[in-house]
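The values are calculated or read from the model by the stated rules, or taken from the named source; none is laboratory data. No experiment lies behind these values; they were computed from the predicted model shown. Because the Cβ atoms are built from the backbone with ideal geometry, glycine has one as well, and the counts that use them run over all protein chains shown. Heavy atoms of the whole protein, side chains included, go into the accessibility calculation; ligands, DNA and RNA do not. Shrake-Rupley method; radii C 1.70, N 1.55, O 1.52, S 1.80 Å.
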Amino acid sequence: MTAEGDNPDLYLKPTFAIDSNSKVVKKKATLLTEKYASQKDKAKELFYFVRDEIKYIPYPPLSIEGYRASKTLQRREGYCVQKAVVLTSLARAVGIPSRLGFADIRNHLAPKDLVELMGTNLFVYHGYSELWLNNRWVKSTPAFDIGMCNKFDLKPVEFDGLTDAVFHERNRNGELHIEYVKYHGAYADLPFKEIMRAFIDEYPIASKKAKQLEQS
C-alpha cells in the first residue's frame, strides 16, 4: 500500500497487471489523447472511454492474468477492478501518474440473484483509479457504463479531472444505492492476493462455485 506523500513518479511504471508498456495499451492511449494538450483533458477522455466502451460485468476473474489491462481492453468488458486497472494503465501510458484505490461498498440496489450468490450486498475491494492531476490525487470511478446506468436508473459517475468521481449515494429515483463502508487505501500495483483472500473470506460459497466452474 502506498502513502499519500509518495512521489507520483512511482506511479508511471508498468507492472504485470498494469501493462502500460504493452502495444495494445499504448496504441489505444495515444489514439484517445493525441488531440489534447493538458493532462486533465487527456484524463477525462480516458475516463469516459473506460466507463462507456468497456462494458461492466459483475464477475471477477480468479487468475491474475484476467486482470491485465491489455486483456480487458481486447475483451471490452470487465468488473470494477479490471476497469480501474485499464484506466490506470492508459493514464500511465500517456504520462499521467496513476494508481489503484480500493474500498468495501454496500450496494443496496444489487440484483437479487447476485446477492443470493454472494450471500451479501457488501462488495469487498471495489476498485477505482486515482490520477495525479493539478498536484493532487483525484479519485476516478469508471465502473458502471452509461448503458447500464440508463437501464437501471442509476446516476452515472461524471469526471471533470478536478474533483473526486465516486459512486452516488442514491439513484435517479432517490433510492439508497451505494454506501462506502471501508477504504483500503491506494496501491501502486494490483494487490491480487489481498483481493482473493478477501473474496474467499467474504464469499466462500460463490468462490467455491467459481473455482469449480473454472476447473470444469
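Here are the numbers for the structure shown:
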read-out	value
Extension gain (nm, one decimal) between Arg106 and Ser63, 0.36 nm per residue minus Cα-Cα	13.0 nm
Sites Ile200 and Leu176 - FRET efficiency at Förster radius 35 Å, r taken between beta-carbons, to 0.05	0.80
Label-point separation, Asn121 to Ser38 (7 Å along Cα→Cβ), nm	3.9
Three-way shape call for the chain based on the alpha-carbon gyration tensor, with the a/c threshold at 1.5	prolate
Share of carbon and sulfur in the accessible heavy-atom surface of the chain [1.4 Å probe, %]	52
Length-normalised contact order of the range 1-151 in % [C-alpha pairs under 8 Å, at least 6 apart]	27
In degrees, nearest ten, helix 204-215 long axis to first principal axis of the chain (Cα)	70
Violating pairs (Cα-Cα greater than 22 angstrom) within the set Lys55/Lys139; Lys42/Lys182; Lys83/Lys139	Lys42/Lys182
Label-point gap, in nm, between Asn7 and His168 - each point 7 angstrom along Cα→Cβ	4.2
Phi-based couplings in Hz for the range 57-74 (Karplus 6.51, -1.76, 1.60; Gly and Pro marked x)	10, x, 10, x, x, 9, 10, 5, 4, x, 9, 4, 4, 4, 5, 5, 4, 6
J(HN,Hα) series, the range 166-181, from Karplus relation 6.51 cos²θ - 1.76 cosθ + 1.60, nearest Hz, glycine and proline x	10, 4, 7, 5, 10, 8, 5, 8, x, 7, 4, 10, 10, 10, 7, 9
Accessible solvent surface per residue of the chain, calculated while the other protein chains remain in place, 1.4 angstrom probe, Å²	50
